[in-house]
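Here is the structure we will look at, set down as structure tokens.
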Amino acid sequence: MADSEKGAAIVTGGASGIGKEIARGLAQDGFTVIIADVNESLGRQVAGELARETGARLEFMKVDVTDRASVRAAVEAAGGFGGLRVMVNNAGFNKPEPFLEASEEIFRKIMEVNAVGVLIGTQEAAKAMIAAGAKGKIINTASIAGRTGFPDFAPYSASKAAVISLTQAAARALAGKGITVNAFGPGVVATPLWEQLDKDLYAMGASAAPGEAMNALASSILLGRVAAPADVVGTVRFLASPASDYMTGQVLIIDGGMILQ
């Protein structure tokens, strides 16, 4: 059961993939979890499913991470569940294009969600934590693409590099307030995002067959397989726990030994 003393955790993009597993893990750890997602039907379904599975309290709120008022509403709602203690800025998307054909339109859309969304989420969460006089943890979803650029999704790589820089800047700004800010960087994870990416790469001729792009990336992973969302959640649970209280401004890479950075 959720422990009201632990307060609330918000997971943006929490209706599927890595976000869903993070929501499950934080619910198991005793937080009241707010799943914040643009997909209302799936989000409500997942909140109910995880509540039944974990016995914890999960709520759904329709949130567009690029809209400050929308994010602020979720943060304010967390105040009714013991106060916001953990903010996971996880929402994001990718749209591959060959580097020389990468468009300003796609670049702006990706940056708006993946980078500006993290800025807004971090700011609104921190303001609420400071106002409540509470220590808190902000956790951002980066990527190995933020450490090494990939030519067929340069805008996504740039957005995740921005997430890393925002994490470091926020860590410096908020340390004196008792708020830690860290990030985690997944590699290739079998999620709807990566499945769509594989299809897009095939459609644009970057791979010869469906599944080839993901398999090619997996071949460079030392542990010999792509990750499942469950492979990532343990790191996030650690970052949300007191065990990570002396860490801030860090990016933990979870890629099975793919880029070794």
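Confirm whether G117 is assigned by TED's automatic domain parsing to the domain that holds A158 and over 20 Å from the mean Cα position of the chain (by Cα).
No, not satisfied.
From I144, I130, grab the single residue that is touching a strand residue (DSSP E or B) at 6+ places or on another chain (Cβ under 8 Å), touching a residue at least 24 places away in the same chain (Cβ under 8 Å) and surrounded by fewer than 18 Cβ atoms within 10 Å (Cβ to Cβ).
One residue alone meets the criteria, I130.
Within the range 194-243, work out how many residues are of a type in the set (F, W, Y) and over 23 Å from R85 (Cα atoms).
2
Is it true that A77 is in contact with a strand residue (DSSP E or B) (Cβ under 9 Å, 6 or more places away or on another chain), under 24 Å from L174 (Cα atoms) and either surrounded by fewer than 23 Cβ atoms within 10 Å (Cβ to Cβ) or outside the structural domain of A142 (by TED's automatic domain parsing) (or both)?
yes
So in the range 204-242, with the set limited to residues that are in contact with a Lys or Arg (Cβ under 8 Å, 6 or more places away or on another chain) and touching a residue at least 40 places away in the same chain (Cβ under 8 Å), which one is nearest to G187 (Cα to Cα)?
P229
Take residues that are at pLDDT 80 or above, under 18 Å from the mean Cα position of the chain (by Cα) and assigned by TED's automatic domain parsing to the domain that holds N90 and tell me which of the helices (runs of 4 or more DSSP H) falling wholly in the range 167-261 contain 1 or more.
By residue number, 230-239.
Among the residues of the range 132-166, write down those that are aliphatic (A, V, I, L, M) and under 15 Å from the mean Cα position of the chain (by Cα).
If the condition is that a residue be aliphatic (A, V, I, L, M) and under 15 Å from the mean Cα position of the chain (by Cα), then I138, I139, A142, I144, A145, A161, A162, V163, I164, L166 are the ones that fit.
The values are calculated or read from the model by the stated rules, or taken from the named source; none is laboratory data. A quick note: this is a predicted structure, and the numbers were derived from the prediction, not measured. Backbone-built Cβ (ideal geometry, glycine too); neighbour counts: all protein chains shown.
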